[in-house]
Amino acid sequence: MSLIKKALLCSGQGAQYVGMGRDLCASEKVADDTFQEASDALGLDMRQLCFASTNAELARTENTQPAILTHSMAQFRVLMEREDLDVDLVAGHSLGEITALTIAGAIAFPDAVRLARRRGQYMQQAVPEGRGLMLAIRTRDHAEIAALCATVAEETHEVVSVSNLNSNTQIVVAGHRAAVLRVHEIAEERGLRAVILNVSVPFHCALMEPVAAALREDLAGIAIAEPRIPVLSNVTGRPYGSAAEVPDLLARQVVEPVRWVDDLTYLRMNGFNYAVELGPGDTLAKFSRHTYSEIRTFPYDREQGRTDLHRMIERTTFPFVSRALGVAAATRNTNFDAEAYDTGVVKPYHRLRRMNTALGREERAATTEEMREAMDLLLTILRTKGVRPEERRVRVEELLRDTRTADVFAALDPSGP
């Protein structure tokens, strides 16, 4: 894992807007190909839906979910072409968790976009139009709202519960219309700011039980691979342990709260430096800012976000020779032959230092030839210190990730003699 830890955060429903992805597809072939791939998988023109439909049509959850997943995947593929970012973890908000699993290679994109479409259809069918509501409440006391929902549910004999823990300052509740309106009334009486959300379906509550059952059946028919990158679960706030957990956790997710604060807490506790938000808008960047401001999140849908991200990548990419020096110095020595140490460690290290000093004086990056010389010197040092082949491989892979130079050393086997 690299020293600079980076995560991708994938948007959920609610951030969509007509026109999302249009400019990206016009300028980037890989984005346009992604929209075509989704269209072919669904038998539905995703460009027409995202670029030229009405707000009402795009807001239908059976349309919104595959549209946001497609837009997010298009952004991801563009990001990889432009920046070749080394990603340490992926998380997604609600629907975005399917996107995250797709990015991690656990679910094939055509399967994912079809799953998102059916998930939206099941949700639309689960609760008749107008029977359910969702309410966003601005508060730091999440326990108070959970207790309020329990009280109202008992009084009304209807479903109302916490559905989203979005940030330290926002919680969402969902359920039957009358019960949610009662929570709204009491919250405002207590001086809390509360807003009814413009959705027709109350997500992440017990009313979604039929959806969970249908998703389990669908997921049983989808090939699910082991994620290549750790993916956080909204249900547990922890990474998936294996591909076998995917069907159960994705099904449970539609009836249990989205614990987005737990996902952000995991990033903070594990030393993540920054994140990139994929999908329309900048909702997740705002949640990050209101929860842990030190985890800077760049919304890739915003031009400023893309510009700031590129600057961050440039700023956190280590100069190759300087980083090689650090690896050499930080590696423990197990060779106590003084003559061998002088020849294989001291002299190569001094050569690396002279190279690094010269590059700093000339204010330039190392050439390919200089990087290759520095790599030879580093491997000499590691071998002389008695570093085992597997550890050499790990340390060199970290160096290549941190300096974004894997292409220069594509044929290198650092574990060799």
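The figures follow:
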| quantity | calculated |
| --- | --- |
| Residue list for region 374-417, filter: within 26 Å of the chain's Cα centre (by Cα) and either of a type in the set (Gly, Ala, Ser) or on the phi > 0 side of the Ramachandran plot (or both) | ARG404, ALA406 |
| Helices (runs of 4 or more DSSP H) enclosed by region 44-85 - at least 1 residues per element that are more than 24 Å from the chain's Cα centre (by Cα) and within 18 Å of CYS25 (Cα to Cα) | 46-52 |
| Test: residue in region 46-57 that is touching a Lys or Arg at 6+ places or on another chain (Cβ under 8 Å), surrounded by fewer than 24 Cβ atoms within 10 Å (Cβ to Cβ) and not charged (D, E, K, R) | yes |
| Checking ASP84 against (1) in contact with a Gly (Cβ under 9 Å, 6 or more places away or on another chain); (2) modelled with pLDDT under 95, the condition it does not meet | (1) |
| Residue under evaluation PHE272, criteria (1) part of a helix (DSSP H, G or I); (2) within 15 Å of the chain's Cα centre (by Cα), criterion not met | (1) |
| Test: residue in region 356-365 that is under 21 Å from ASP86 (Cβ atoms), surrounded by fewer than 18 Cβ atoms within 10 Å (Cβ to Cβ) and not assigned by TED's automatic domain parsing to the domain that holds ASP86 | yes |
| Residue match in region 2-24 (condition: touching a residue at least 12 places away in the same chain (Cβ under 8 Å), buried (at least 17 other Cβ atoms within 10 Å of the Cβ), in contact with a Lys or Arg (Cβ under 8 Å, 6 or more places away or on another chain) and hydrophobic (A, V, I, L, M, F, W, C)) | no |
| Test: residue in region 395-405 that is surrounded by fewer than 15 Cβ atoms within 10 Å (Cβ to Cβ) and either out of contact with any helix residue (DSSP H, G or I) (no Cβ under 6 Å at 6 or more places or on another chain) or assigned to a loop (DSSP other than H, G, I, E, B) (or both) | no |
| Pair list, Cβ < 6 Å and 6+ apart or interchain, from region 281-294 residues that are within 21 Å of LEU95 (Cα to Cα) to residues that are outside any helix (DSSP H, G or I) and among the aliphatic types (A, V, I, L, M) | GLY281/ALA15; THR283/ALA15; LEU284/LEU9; SER288/ILE295 |
| Per-region count, region 320-348, residues hydroxyl-bearing (Ser, Thr, Tyr), surrounded by 11 or more Cβ atoms within 10 Å (Cβ to Cβ) and over 39 Å from the mean Cα position of the chain (by Cα) | 2 |
| Candidates LEU359, LEU325 - the one that is closer than 20 Å to GLU397 by Cα, of a type in the set (A, V, I, L, M) and part of a helix (DSSP H, G or I) | LEU325 |
| Selection status of VAL387, outside any helix (DSSP H, G or I), out of contact with any Cys (no Cβ under 7 Å at 6 or more places or on another chain) and either more than 27 Å from LEU79 (Cβ to Cβ) or assigned by TED's automatic domain parsing to the domain that holds GLU81 (or both) | yes |
| Residue in region 99-111 that is buried (at least 18 other Cβ atoms within 10 Å of the Cβ), over 17 Å from the mean Cα position of the chain (by Cα) and at pLDDT 95 or above present | yes |
| Sole exception among (1) surrounded by fewer than 18 Cβ atoms within 10 Å (Cβ to Cβ); (2) in contact with a helix residue (DSSP H, G or I) (Cβ under 8 Å, 6 or more places away or on another chain) for MET269, by number | (2) |
| Matching residues, region 151-169, being buried (at least 22 other Cβ atoms within 10 Å of the Cβ) and out of contact with any helix residue (DSSP H, G or I) (no Cβ under 7 Å at 6 or more places or on another chain) | SER163 |
| Of the criteria (1) in a strand (DSSP E or B); (2) closer than 29 Å to ALA7 by Cα, which one VAL195 fails | (2) |
| In region 280-294, residue surrounded by the most Cβ atoms within 10 Å (Cβ to Cβ) [restricted to those that are of a type in the set (Gly, Ala, Ser) and in contact with a strand residue (DSSP E or B) (Cβ under 6 Å, 6 or more places away or on another chain)] | SER288 |
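Okay, residues lined up against (1) farther than 29 Å from ARG131 by Cβ; (2) out of contact with any Pro (no Cβ under 8 Å at 6 or more places or on another chain); (3) among the hydrophobic types (A, V, I, L, M, F, W, C):
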position	(1), (2), (3)
ILE186	no, yes, yes
ASN198	no, yes, no
PRO202	no, yes, no
ALA214	no, yes, yes
ILE222	yes, yes, yes
ALA225	yes, yes, yes
PRO239	yes, no, no
ALA244	yes, yes, yes
PRO247	no, yes, no
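Here's the yes/no breakdown for (1) farther than 30 Å from GLU294 by Cα; (2) touching a residue at least 24 places away in the same chain (Cβ under 8 Å); (3) assigned by TED's automatic domain parsing to the domain that holds VAL254:
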site: GLU154; (1), (2), (3): yes, no, no
site: VAL162; (1), (2), (3): no, yes, no
site: VAL180; (1), (2), (3): yes, yes, no
site: LEU192; (1), (2), (3): no, yes, no
site: VAL201; (1), (2), (3): yes, yes, no
site: PRO210; (1), (2), (3): yes, yes, yes
site: LEU215; (1), (2), (3): yes, yes, yes
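The values are calculated or read from the model by the stated rules, or taken from the named source; none is laboratory data. No experiment lies behind these values; they were computed from the predicted model shown. Because the Cβ atoms are built from the backbone with ideal geometry, glycine has one as well, and the counts that use them run over all protein chains shown.
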